[in-house]
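The next block holds one structure in the form of structure tokens; read it before the comments.
The values are calculated or read from the model by the stated rules, or taken from the named source; none is laboratory data. The structure displayed is predicted, hence computed values, not measured ones. Don't worry about glycine lacking a Cβ; one is built from the backbone with ideal geometry, like all the others, and counts go over all protein chains shown.
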Amino acid sequence: MRARELGRKSVVVGDQVGLVGDTSGAAGALARIVRIAERRSVLRRTADDDETTAEGRLERVVVANADQLVIVSALADPPPRTGFIDRCLVATYDAGIEPLLCLTKADLAGPEQVLGYYAELELPYVLIRPDSDLDALRALLAGRVSVLVGHSGVGKSTLVNRLVPEAARAVGTVSAIGRGRHTSTSAVALRLPAAPGAHGDPGWIVDTPGIRSFGLAHVSAESLLHGFPDLVEATVDCPPNCPHTAEEADCALDAWVAAGRADARRLASYRRLLASRSGEGDPREPERNPGDPLAGS
Ligand SMILES: Nc1nc2c(ncn2[C@@H]2O[C@H](COP(=O)(O)OP(=O)(O)O)[C@@H](O)[C@H]2O)c(=O)[nH]1
Ligand SMILES: [Mg+2]
């Protein structure tokens, strides 16, 4: 249990803590968390599960001390949403951690469209199909704490079960994604088993069954732009305090794209995220960019 002296400071998955009391782990043992070590990284989201109340829009720490965000996206069924991936990339920049794109269901569709969209980024990725071995992924997870995020149905539980069979995550069921604030941030850390013949720490994965997306209301427009490293260089030519919106006639991002130095879809996605931060996004298709493969195609 948390000691009273921690005050309102919350303990989250990934925290390293100091304990006093009975740390034997025996049934009925009681220990208190008296100290939270300084965090190496903090992955945050603005809770957007309830836009109407102040509490619902609170910024929350999701995971502490993570090294990497594994963005799990299916190549089909459901189709990939680059708007979601872009949002996750902003979250990794904000948290100071590395992204890894994990493209599942590679047996159903090829990765060309998604990888083409990210051609200008050095975005590491792995392809997952039911019959492929997971050696490449395991190598990228070794020695690190990795947080897995993805929409429902992308094969996240299937993947977690392949990596950590004893985790027995429920497959094919929609996880707790209720609108209630108690279901929204549950995360669980799972220790990866040592691979036969491998040395060193195999790492940890953090499954986030209730997290549908990253609300970015707490991220500044400038930080948001750093989630788009292919665009950020253009803004040295922007007027001071440029809002980078389409309405700003002197925003240098338009000329940058017109000169072919970045993909117009990336600029559109950045501006869509900007708009969604101020509540102007399209609520019907929050994370789909034009050009994303359509459902069923
Ligand atoms: N074809 C194909 N189906 C997959 C793959 N991975 C998962 N599935 C199926 O996709 C559905 C959703 O998987 P699940 O792991 O529950 O997704 P989650 O909601 O992200 O946890 C299940 O029917 C899985 O059997 C894959 O690589 N290829
Ligand atoms: Mg699942």
Contact list please: Cβ distance under 7 Å, first residue in the range 225-254 and under 19 Å from GLU98 (Cβ atoms), second residue in a loop (DSSP other than H, G, I, E, B) and not hydroxyl-bearing (Ser, Thr, Tyr), pairs at least six apart or on different chains. LEU225/HIS244; PRO229/LEU121; ASP230/GLU120; ASP230/LEU121; ASP230/ALA262
If the requirement is being within 16 Å of ligand 1 (Cβ to nearest atom) and either part of a loop (DSSP other than H, G, I, E, B) or under 26 Å from ASP201 (Cβ atoms) (or both), which of these qualifies: LEU148, LEU140? LEU148
Long-range neighbours under 7 Å by Cβ, at least six apart or interchain, first residue on the phi > 0 side of the Ramachandran plot within the range 104-118, second within 16 Å of ligand 2 (Cβ to nearest atom): LYS105/ALA74; LYS105/ASP77; LYS105/GLY155
Looking only at the range 78-108, count every residue that is over 22 Å from LEU224 (Cα atoms), in contact with a Lys or Arg (Cβ under 6 Å, 6 or more places away or on another chain) and not small (Gly, Ala, Ser) and tell me the total. 1
Show the residue pairs meeting these rules: Cβ distance below 6 Å; 6+ apart or different chains; first residue within the range 138-158 and on the phi > 0 side of the Ramachandran plot; second residue at pLDDT 95 or above and more than 10 Å from ligand 1 (Cβ to nearest atom). GLY143/GLY203
Strands (runs of 3 or more DSSP E) wholly in the range 36-132 with at least 2 residues that are among the aliphatic types (A, V, I, L, M) and at pLDDT below 95 - which ones? 42-46, 59-64
Within the range 195-246, track down each residue that is modelled with pLDDT under 90 and aliphatic (A, V, I, L, M). ALA195, ALA198, ILE211, LEU216, ALA217, VAL219, ALA221
Answer with yes or no whether ILE97 is crowded, with 24+ Cβ neighbours inside 10 Å and aliphatic (A, V, I, L, M). no
Positions within the range 188-241 being crowded, with 20+ Cβ neighbours inside 10 Å, touching a helix residue (DSSP H, G or I) at 6+ places or on another chain (Cβ under 9 Å) and assigned to a strand (DSSP E or B), in sequence order: TRP204, ILE205, ASP207
With the condition kept exactly as written, say whether any residue in the range 265-278 is modelled with pLDDT under 90 and in a loop (DSSP other than H, G, I, E, B). yes
For the range 167-186: of the residues being within 13 Å of ligand 2 (Cβ to nearest atom) and under 21 Å from VAL63 (Cα atoms), which is modelled with the highest pLDDT? ALA167
Can you work out which of the residues in the range 118-132 that are within 13 Å of ILE71 (Cβ to Cβ) and not β-branched (Val, Ile, Thr) is surrounded by the fewest Cβ atoms within 10 Å (Cβ to Cβ)? PRO124
I want to confirm something. Restricting to the range 152-166 and keeping residues that are within 11 Å of ligand 2 (Cβ to nearest atom) and not in a loop (DSSP other than H, G, I, E, B), which single residue is farthest from LEU103 (Cα to Cα)? ASN161
A careful count of residues in the range 118-138 that are farther than 24 Å from LEU163 by Cα and under 18 Å from the mean Cα position of the chain (by Cα) gives 3
For the range 154-172, give me each residue that is of a type in the set (A, V, I, L, M) and within 9 Å of ligand 1 (Cβ to nearest atom). VAL154, LEU159, VAL160, ALA170, VAL171
